[in-house]
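Notes to accompany the following structure.
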Protein chains: 2
Amino acid sequence: MPFKTKLTRLLSVDHPIVLAPMGGVSGAALAKAVSTAGGLGLIGASYGNREWMTAELAGMESFQKPWGIGLVMFTVIKQMELLHLALSYRPHVVALSFGDPAPFIGPIKDAGAKVAVQVHDLDQARTALSCGVDLLIVQGCEAGGHSAGRSSFPLIPAVRDSVGESIPIIAAGGVGDGRGLSAALALGADGVMMGTRFAVTSESLFSGKVKAHLVAAQAKHTVRTRAFDIVRGIDWPLGYSGRVIANKFSDAWIGREAELQTCRDEVGVVYQRAVEQDDLDFRAVWAGEIVDLIHDVRPASQVVKETIAEAEKASLAVSKFIITE
Amino acid sequence: MPFKTKLTRLLSVDHPIVLAPMGGVSGAALAKAVSTAGGLGLIGASYGNREWMTAELAGMESFQKPWGIGLVMFTVIKQMELLHLALSYRPHVVALSFGDPAPFIGPIKDAGAKVAVQVHDLDQARTALSCGVDLLIVQGCEAGGHSAGRSSFPLIPAVRDSVGESIPIIAAGGVGDGRGLSAALALGADGVMMGTRFAVTSESLFSGKVKAHLVAAQAKHTVRTRAFDIVRGIDWPLGYSGRVIANKFSDAWIGREAELQTCRDEVGVVYQRAVEQDDLDFRAVWAGEIVDLIHDVRPASQVVKETIAEAEKASLAVSKFIITE
């Protein structure tokens, strides 16, 4: 049981590794696999789809290990019944992203769950802390999917200095293996959240075609854009964009976002059909910069196990650089 | 003498800490202070100004510790006599940035110096390796001044995997203290380059006014722009922009770069006068995201000493998280 940190103690998990709640990718199977392996599995309820949530949450009934669910605040705030739906399954953790956490904290704590809030800068971190959250997820722009402008390496220690030592910090964005876990701990985090790496596992809900695409992709193929948000009609707050593998759709619309907005309805129909056909030329395949480090599809349990082993190796290698005088 | 890595062995230095060769900021005094403290001081010859270089290089004569000089390739390639001027002072290392290293390698090696090349992605890293460089500087976009698009956290391990174990890697961009050094080593680097932190030292050539401005600044005040390159008439290759503390000049011209290009001559005169007056509303004050971590002006020797002490503390803390089963 290596890497006992204040995160593992707070959550009663074996390893400081958290599954990113990737919408439509982190379902019950993946969340259970990560939690069973000793990490914390988070289901990705994303923008909130009652049917999808109900189906996946049903898979968590009678599951005994700690697990949780991730919600996007700026959409769920308009349908708070989805929060209560989630809480009715008694998750150990609710991870909130993108929005104002204040209205969510009370109901989650009342249900006996821990509240994690994802933050992207020092101001958001201090606001979340003052709301009484239990955990901070500090996300850098290396991440797949949506993020803001700061990079993980300098952001993690700055948030730590800003919020003090007592609250656990989960580093998200840029972490693809055990070297990343070791580095995140050195920078002042207490654990890591991994998305793209877990998206390319046997249990991920991505199709085999998408997983193979991610195995072949490199960070240089990723771009950050709002084009996929526009075509899907999702009204993201300013300051965020999503990192995705570039494709014909992003090539066509990056730089023409205002035009896309005007013809959203027509293009949206074509886009939706392409998504249903899992068409890689059109559909968004969210991916972080650590896609460089992914060379195969693995069971999630193997990712957890190897990340821990590699982190231990990396940490011991660094401590061996230290020459006692 | 803690943190003995293949970087410290190759360069015969005590500490794996390299001063970024910041143009007009890293002069002889700062380079000597860093080298005397056990790191590697690099003079920032930048775009190449013979008078400035001659004055600062004269300060390195009879200096006994390892030291070096940084050159911007895309400008120095047009005036190779500046490379030979630099080599005549017998630096131990020449650090090359931004351009094709091939024409530089032979003359530098013939002069008995080591060649370091700064790279921003995997393709550049492999190209530099095939040119026969001795060291790679892997720079993330968190850096102050010019950089490309990748972030340090996922880039360092990806470059390490791409170039193999034998070549020393210096992580640049995002490193502001010992936590960053410890993390960089965990990610697969052999040492770090620090710019912004050393720019705010007693020996830096920045004015006291600029240093105070940097102490007060936060990462959220930084922006990346080509506007200062345009007004200075420096023809930067595509794909690079410079991170700077936002000011009236950047506020006015970001988003209007094409217009600035057309009135460059008139605006350039005003800009040059503002620079001579050290006017913070106009002049570029380059700064990396780690400006969040800077709270005072210190002697460079103290930065080196504290970075090492803090890295040791951070590394030992991480290794203490490991619970032996």
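The values are calculated or read from the model by the stated rules, or taken from the named source; none is laboratory data. Please read these numbers as outputs of a predicted model, since none were measured by experiment. Because the Cβ atoms are built from the backbone with ideal geometry, glycine has one as well, and the counts that use them run over all protein chains shown. Remember, those area values only see protein heavy atoms, side chains included, never the ligands or the DNA or RNA. Shrake-Rupley method; radii C 1.70, N 1.55, O 1.52, S 1.80 Å.
Before moving on, here are some points about what is shown:
- Residue among B:Met80, B:Met53, B:Met193 with the largest mean-square fluctuation in a Gaussian network model of chain B, springs linking Cα atoms under 10 Å: B:Met80
- Rolling a 1.4 Å probe over the protein heavy atoms of the stretch B:168-325, with every protein chain left in place, gives an accessible area that is 54 percent carbon and sulfur.
- Antiparallel beta bridges, as assigned by DSSP with both residues in the protein assembly as shown, represent about 20 percent of the total such bridges.
- Our helix-only sum for chain B, with -39,500 (n - 2.57) per DSSP H run of n ≥ 4 divided by its residues, gives a mean residue ellipticity at 222 nm of -12500 deg cm²/dmol.
- For chain B, hydrophobic long helices are taken as DSSP H runs at least 15 Å long by C-alpha position along their axis with mean Kyte-Doolittle hydropathy of 0.0 or more; these are B:152-163, B:300-321.
- Distances between copies at B:Cys263, taken between label points 7 Å from Cα along the C-beta direction, are 3.5 nm in increasing order.
- If the segment from A:Glu310 to A:Thr36 were pulled out straight at 0.36 nm per residue, it would be longer than the present Cα-Cα gap by 96.7 nm.
- Counting charges near B:Lys313 (Lys, Arg +1; Asp, Glu -1) among other residues having Cβ under 11 Å from its Cβ returns a value of -2.
- Each copy carries B:Tyr47; placing its label point 7 Å along the C-beta direction from Cα gives inter-copy distances of 4.7 nm, listed from smallest up.
- When each of the peptides B:136-144, B:256-264 is scored by how many other beta carbons lie within 10 Å of its residues on average, the order from highest to lowest is B:136-144, B:256-264.
- Whole-angstrom gap from the stretch A:143-173 to the stretch B:12-54, using each part's C-alpha centre: 31 Å
- Sparse-neighbourhood loop sites, GluC sites (Glu not before Pro) in the stretch B:37-114 - DSSP loop, at most 14 other Cβ within 10 angstrom: B:Glu61
- Area of B:Tyr89 that stays accessible when all protein chains are in place (1.4 Å probe, Å², to 10): 50 Å²
- Inter-centroid distance (Cα atoms) of the stretch B:267-306 relative to the stretch A:278-293, Å: 39 Å
- Taken residue by residue and averaged, Cβ atoms of other chains lying within 10 Å of the Cβ of A:140-146 number 3.
- Unit charges on C-beta of K, R, D, E only; dipole of the stretch A:97-250, Debye: 700 debye
- Inter-copy spacing of B:Ile323 label points, which lie 7 Å from Cα along Cα→Cβ, given in nm from shortest upward: 3.6
- Normalising the average separation of contacting C-alpha pairs (under 8 angstrom, six or more residues apart) by the number of residues puts the relative contact order of the stretch B:200-325 at 36 percent.
- Label separation (A:Ala246 vs A:Arg9): 4.7 nm, computed from points 7 Å beyond Cα along the C-beta direction.
- Comparing B:Lys248, B:Lys32, B:Lys109 in a Gaussian network model of chain B, where Cα atoms under 10 Å apart are tied by springs, the biggest mean-square fluctuation is seen for B:Lys248.
- Using a 1.4 angstrom probe on protein heavy atoms only, the contact between A and B buries about 3900 square angstrom of accessible area, both sides summed.
- Measuring between their Cα centroids, the stretch A:212-261 and the stretch B:85-114 lie 41 Å from each other.
- Too-long pairs where the Cα-Cα distance tops 24 Å, listed order kept, from B:Lys6/B:Lys32; A:Lys320/B:Lys109; A:Lys114/B:Lys313; A:Lys220/B:Lys78; B:Lys32/B:Lys248; A:Lys65/B:Lys313: A:Lys320/B:Lys109; A:Lys114/B:Lys313; A:Lys220/B:Lys78; B:Lys32/B:Lys248; A:Lys65/B:Lys313
- Cα centre as origin, Lys/Arg/Asp/Glu Cβ charges: the protein assembly as shown dipole, Debye: 860 debye
- With a 10 Å cut-off around each Cβ of A:182-193, the average count of Cβ atoms from other chains is 6.
- Chain-alone versus full-assembly comparison, the stretch B:244-291, residues with accessible loss of at least 50 Å² (1.4 Å probe): B:Glu289
- Using a simple spin-label model with pseudo-atoms 7 Å out from Cα toward Cβ, A:Met80 and B:Asp110 lie 7.6 nm apart.
- Note on chain B: GNM, Cα springs under 10 Å; of B:Pro157, B:Pro168, B:Pro21, the largest mean-square fluctuation is that of B:Pro157.
- Taking every C-alpha pair closer than 8 Å and separated by at least 6 residues, the mean separation divided by the residue count of chain B gives a relative contact order of 17 percent.
- DSSP-defined beta bridges in chain A - what % are antiparallel, rounded to 5: 20 percent
- Placing +1 on the Cβ of every Lys and Arg and -1 on the Cβ of every Asp and Glu, with no other charges, gives the stretch B:43-151 a dipole of roughly 140 debye about its Cα centre.
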